[in-house]
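Enquirer: What follows is a structure written as structure tokens; I'll ask about it next.
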Amino acid sequence: SDHMENICGYLMKYTNLVTGWQYRYFVLNNDAGLLEYFVNEQSRHLKPRGTLQLAGAVISPSDEDSHTFTVNAASGEQYKLRATDAKERQHWVSRLQICTQHHTEAIGKNNPPLKSRSFSLASQGSANSPGVQRRPSQNAVSFFNVGHHRLPTGKRVPIMQPDHLVDVREMMSQAEGQQRDLIRSIECLPASGHLTSLDQDLLMLKATSMATMNCLNDCFHILQLQHASQQKGSLPAGTTINWLEPKISLANHIKNGAQNFPAEINKPASVREEQSIAEPCQLTREPEEINPDEELEDICDDKEDDLGAVEEQRSVILHLLSQLKLGMDLTRVVLPTFILEKRSLLEMYADFMSHPDLFVAITSGSSPEERMIRFVEYYLTSFHEGRKGAIAKKPYNPIIGETFHCSWRMPKSSVAADAGTSSSAHSPAEQVTAPKDAEGRAEPDCYTVKFVAEQVSHHPPVSGFYAECVERNMCVNAHIWTKSKFLGMSIGVTMVGEGVLHLLEHGEEYTFSLPCAYARSILTVPWVELGGKVNINCAKTGYSASINFHTKPFYGGKLHRVTGEVKQNMTNTVVCRVQGEWNSVLEFTYSNGETKYVDLTKLSVTRKRVRPLEKQGPFESRRLWQHVTESLRDGDIDKATEHKRALEERQRNEERLRAETETPWCTKYFLKDGDGWVYHKPLWKTVSAAQTQQTDNN
């Protein structure tokens with residue numbers, strides 16, 4: 001072929017967790033069907049540092065970005081490579097695929113296909129296989145039969161057309177369902193006896209069947225890309241792409257525009273709805289003004305204190321741990337559904353605002369020193385209510401474009417009365433309820449705090465959130481990138497990002513970060529621990545705070561301990577010290593010798609106000625995840641997993657097509673600002689514009 005050319009050049013190769021990415025000089029030898037690499041071009045005459053046979057290999061563009069791709073050899077060896085740009089990646093991928101296809105076909109001509117056969121797992125084991133020794137009178141054929149089939153003699157495989165790809169997708173969906181049934185059948189076997197769920201042969205069957213389905217999905221993705229590339233140059237401008245003749249329409253969420261994907265017709269209606277939201281008229285990416293009068297006091301109270309599910313799923317956790325490596329990034333690892341909280345991560349950020357009376361009281365401080373201390377008090381009281389129960393469960397990973405809206409209302413009198421005093425006398429069950437008029441609207445003597453959050457990026461997973469109280473001239477804007485890693489018997493989550501509190505009345509800005517979170521004892525009863533040092537700074541006043549969240553030492557020590565101090569940077573004078581537990585009692589000691597105790601378990605909680613599901617948009621958190629949440633409440637883990645998988649699959653497909661069509665994602669409420677994200681209509685801009693207009697009028 002004219003395209004069978006030898007190419008060479010520098011690519012970045014992922015080596016390991018320690019070394020990371022390194023430049024290497026690669027050579028594609030088409031005649032030998034080899035991909036070789038050297039340390040650099042000068043060492044090309046030496047023995048290659050590595051060689052891959054391309055016959056039978058799978059070349060897969062990565063969905064991480066537009067530069068990365070993988071070469072998976074038939075031997076099981078894998079090269080993860082990165083080009084300098086999308087064009088260079090496409091050049092390498094195309095040449096590698098052509099070379100791979102040529103040498104794979106050559107092997108196929110020299111090696112006729114195996115005869116159709118059906119075999120049992122037990123009969124294929126070696127004579128000294130533990131599985132065979134344990135069950136001499138019982139073999140696996142009574143449980144599983146694996147068939148190999150070939151096309152009838154003389155039949156020639158036609159070139160795949162779009163509708164044929166739909167048929168393939170449906171057949172693969174059926175195969176995936178059968179594979180899930182197989183896994184479920186194995187896992188339902190008893191833990192002891194002649195044939196157990198931990199049988200060596202059955203564990204191998206689970207692994208190979210899963211690897212086979214992953215390989216088939218990669219191959220199918222390549223066919224989709226080839227079909228898309230054939231169509232890309234021939235479509236007139238403005239044409240809507242109907243992706244592979246879908247049987248169910250997918251809404252415009254993909255490019256904030258108009259592509260569609262096939263849906264699995266045999267899934268329940270609620271799952272099809274998740275994969276195909278048939279409300280294109282509502283999927284506008286224009287910012288939506290939420291009317292607070294439409295929001296109702298939240299009656300949802302999902303406490304995460306049930307340990308039963310975790311105990312029952314111990315084998316699933318063990319299986320997951322066996323596949324993880326120390327330090328592995330868990331961003332792309334699909335965790336089992338039973339460890340999920342019944343809320344999205346975006347709603348969890350909102351729950352950090354469950355003491356809005358302390359939040360709005362910050363700006364009432366009579367001096368810069370008092371305002372910094374009040375902010376530290378509010379900051380330290382926010383984490384307790386952000387957790388739902390003692391068990392460490394994980395909120396839903398928001399999908400890109402997901403949003404969450406809510407608000408809080410509180411009487412002005414309660415904020416004034418509580419300003420600067422401890423709220424430890426309140427009952428844990430006490431809920432602050434704002435007075436309402438006859439139609440349920442808030443009366444003028446209430447403060448309202450509005451909150452909006454949006455998932456602005458999928459890879460990396462970045463969330464933006466914003467809250468404001470117009471009456472108090474204050475707002476907070478933050479963006480957080482959650483990075484999770486496997487640490488052996490625990491999981492660590494680093495909250496990368498920054499928040500800024502704006503007190504417009506005083507012209508002050510307070511920058512802050514968030515501590516790391518750890519899920520400990522994941523094999524027994526998992527629990528949450530916070531750790532790390534965070535800083536709060538106000539450049540205008542020169543006040544800062546340093547807060548340490550202490551992780552429990554291996555021997556002795558207290559859980560959830562926190563210490564900190566507030567000081568004036570110019571004089572290096574400490575004006576307040578704090579110590580205690582972030583989920584129990586905090587002790588504040590001031591420079592005048594006074595001490596105040598805050599019992600977090602007795603702080604009053606103001607319930608957030610949320611619009612009913614029927615008034616929410618299709619990508620608002622509670623409506624988006626409603627079927628997963630309902631299934632978890634009912635204790636139906638399998639059904640919850642099915643709904644969750646449908647949402648995740650749709651997101652992957654949409655992101656893949658956006659990358660191939662080079663269609664950028666457009667956010668709804670947040671704008672990129674350097675390395676961060678800022679709300680599109682923050683209070684400081686609104687106030688500044690109003691002041692400018694008033695000056696012009698005068």
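Enquirer: At least 2 residues that are β-branched (Val, Ile, Thr) in each: list the strands (runs of 3 or more DSSP E) lying fully within the stretch 5-67 that qualify. Full working, then the answer.
Expert: Values: elements: 7-14, 21-29, 34-38, 50-53, 58-61.
Of the strands (runs of 3 or more DSSP E) lying wholly inside the stretch 5-67, those with at least 2 residues that are β-branched (Val, Ile, Thr) span 58-61.
Enquirer: Give the residue that is least open to solvent (accessible area, probe 1.4 Å), with candidates limited to residues of the stretch 509-554 that are more than 28 Å from the chain's Cα centre (by Cα) and at pLDDT below 90.
Expert: Among residues in the stretch 509-554 that are more than 28 Å from the chain's Cα centre (by Cα) and at pLDDT below 90, the one least open to solvent (accessible area, probe 1.4 Å) is 553.
Enquirer: Starting from the stretch 91-105, take each residue that is part of a helix (DSSP H, G or I) and list its partners that are at pLDDT below 85 and open to solvent by 50 Å² or more (accessible area, probe 1.4 Å), counting only C-beta distances under 6 angstrom and pairs at least six apart or across chains.
Expert: Close Cβ pairs satisfying both conditions: 98/3.
Enquirer: Given the options 76, 20, name the one that is free of Cβ contacts under 8 Å to residues at least 60 places away in the same chain and either open to solvent by 50 Å² or more (accessible area, probe 1.4 Å) or more than 26 Å from residue 652 (Cα to Cα) (or both).
Expert: On the way: 20 fails: either open to solvent by 50 Å² or more (accessible area, probe 1.4 Å) or more than 26 Å from residue 652 (Cα to Cα) (or both).
When all the criteria are applied, what remains is 76.
Enquirer: Same structure, new question: Give all pairs with beta carbons closer than 8 Å in which a residue from the stretch 653-674 that is farther than 21 Å from residue 288 by Cβ meets a residue that is of a type in the set (Asp, Glu); count only pairs at least 6 apart in sequence or on separate chains.
Expert: So the pair list comes out as 655/63; 656/63; 659/63.
Enquirer: Does residue 672 qualify as being within 29 Å of residue 90 (Cα to Cα) and either surrounded by fewer than 16 Cβ atoms within 10 Å (Cβ to Cβ) or over 20 Å from the mean Cα position of the chain (by Cα) (or both)?
Expert: Numbers: within 29 Å of residue 90 (Cα to Cα): yes; either surrounded by fewer than 16 Cβ atoms within 10 Å (Cβ to Cβ) or over 20 Å from the mean Cα position of the chain (by Cα) (or both): yes.
So residue 672 fits the description; yes.
Enquirer: Against the definition (buried (at least 17 other Cβ atoms within 10 Å of the Cβ) and farther than 13 Å from residue 377 by Cβ), how does residue 606 come out, yes or no? Explain how you work it out, then say what you get.
Expert: Numbers: buried (at least 17 other Cβ atoms within 10 Å of the Cβ): yes; farther than 13 Å from residue 377 by Cβ: yes.
Yes: the conditions hold for residue 606.
Enquirer: Would it be correct to say that residue 3 is more than 30 Å from residue 208 (Cα to Cα), in contact with a helix residue (DSSP H, G or I) (Cβ under 7 Å, 6 or more places away or on another chain) and at pLDDT below 90? Even if it seems obvious, please write down each step before you answer.
Expert: Numbers: more than 30 Å from residue 208 (Cα to Cα): yes; in contact with a helix residue (DSSP H, G or I) (Cβ under 7 Å, 6 or more places away or on another chain): yes; at pLDDT below 90: yes.
Criteria met by residue 3.
Enquirer: Let me ask something else. Would you pick out the residues in the stretch 625-654 that are in contact with a strand residue (DSSP E or B) (Cβ under 8 Å, 6 or more places away or on another chain), assigned to a helix (DSSP H, G or I) and closer than 26 Å to residue 169 by Cβ? Reasoning before the result, please.
Expert: The initial filter retains those residues of the stretch 625-654 that are in contact with a strand residue (DSSP E or B) (Cβ under 8 Å, 6 or more places away or on another chain), namely 625, 628-629, 632-633, 640, 644.
Okay, now just the ones that are also assigned to a helix (DSSP H, G or I), so 628-629, 632-633, 640, 644.
Those that are in contact with a strand residue (DSSP E or B) (Cβ under 8 Å, 6 or more places away or on another chain), assigned to a helix (DSSP H, G or I) and closer than 26 Å to residue 169 by Cβ: 628, 640, 644.
Enquirer: I need the full set of residues from the stretch 611-637 which are open to solvent by 10 Å² or more (accessible area, probe 1.4 Å), touching a residue at least 60 places away in the same chain (Cβ under 8 Å) and either over 18 Å from residue 346 (Cα atoms) or among the β-branched types (Val, Ile, Thr) (or both), in order please.
Expert: 615, 629, 632, 633, 635, 637, listed by residue number.
Enquirer: Kindly establish whether residue 685 is basic (Lys, Arg) and over 25 Å from the mean Cα position of the chain (by Cα). If you could, list the steps in order and put the result at the bottom.
Expert: Details: basic (Lys, Arg): yes; over 25 Å from the mean Cα position of the chain (by Cα): yes.
Yes.
Enquirer: Might you let me know whether the stretch 460-479 holds any residue that is at pLDDT below 90 and basic (Lys, Arg)? Let's see the steps before the verdict.
Expert: Restricting attention to the stretch 460-479, the residues satisfying the condition of being at pLDDT below 90 are 460-461.
Okay, now just the ones that are also basic (Lys, Arg), so none.
No, that holds for no residue.
Enquirer: Still on this structure, I have one more. Only residues in the stretch 48-61 that are more than 12 Å from residue 74 (Cβ to Cβ) count as the first member; pair them with residues that are basic (Lys, Arg) and in a strand (DSSP E or B), Cβ under 9 angstrom, at least 6 apart or cross-chain, and list the lot.
Expert: These pairs meet every condition: 49/24; 50/13; 50/24.
Enquirer: Considering only the stretch 555-574, state which residues are among the charged types (D, E, K, R), open to solvent by 70 Å² or more (accessible area, probe 1.4 Å) and within 25 Å of residue 591 (Cα to Cα).
Expert: Start the filter on the stretch 555-574 by keeping residues that are among the charged types (D, E, K, R), which leaves 558, 561, 565, 567.
Going one step further and asking which of them are open to solvent by 70 Å² or more (accessible area, probe 1.4 Å), we end up with 558, 561.
561 - this is the single residue of the stretch 555-574 that is among the charged types (D, E, K, R), open to solvent by 70 Å² or more (accessible area, probe 1.4 Å) and within 25 Å of residue 591 (Cα to Cα).
Enquirer: Let me ask something else about it. Here are some residues: 340, 330. Which one is buried (at least 20 other Cβ atoms within 10 Å of the Cβ), modelled with pLDDT under 90 and within 13 Å of the chain's Cα centre (by Cα)?
Expert: Details: 330 fails: buried (at least 20 other Cβ atoms within 10 Å of the Cβ).
Just a single option satisfies the conditions, and that option is 340.
Enquirer: Residues that are on the phi < 0 side of the Ramachandran plot, in contact with a Cys (Cβ under 9 Å, 6 or more places away or on another chain), charged (D, E, K, R) and free of Cβ contacts under 8 Å to residues at least 40 places away in the same chain: does the stretch 37-44 have at least one?
Expert: Going through the stretch 37-44, the residues on the phi < 0 side of the Ramachandran plot turn out to be 37-44.
Retained after the next criterion (residues that are in contact with a Cys (Cβ under 9 Å, 6 or more places away or on another chain)): 41, 44.
Imposing the further condition that a residue be charged (D, E, K, R) reduces the set to 41, 44.
Right, trim to free of Cβ contacts under 8 Å to residues at least 40 places away in the same chain and you get 41, 44.
Taking every residue of the stretch 37-44 in turn, at least one turns out to be on the phi < 0 side of the Ramachandran plot, in contact with a Cys (Cβ under 9 Å, 6 or more places away or on another chain), charged (D, E, K, R) and free of Cβ contacts under 8 Å to residues at least 40 places away in the same chain.
Enquirer: Residue under question is residue 513, and the condition is that it be small (Gly, Ala, Ser) and in contact (Cβ under 8 Å) with a residue 24 or more places away in the chain; does it hold? Give the derivation first.
Expert: Numbers: small (Gly, Ala, Ser): yes; in contact (Cβ under 8 Å) with a residue 24 or more places away in the chain: no.
No, not satisfied.
Enquirer: What's the number of the condition residue 501 fails, among (1) modelled with pLDDT of 90 or more; (2) open to solvent by 50 Å² or more (accessible area, probe 1.4 Å); (3) closer than 23 Å to residue 672 by Cα?
Expert: (2)
The values are calculated or read from the model by the stated rules, or taken from the named source; none is laboratory data. Keep in mind that what you see is a predicted model, and the values were worked out from it rather than measured. Note that each Cβ is placed from the backbone with ideal geometry, even for glycine, and that neighbours are counted across all protein chains shown. Just so you know, the surface numbers come from the protein's heavy atoms only, side chains and all, with ligands and any DNA or RNA stripped out. Shrake-Rupley method; radii C 1.70, N 1.55, O 1.52, S 1.80 Å.
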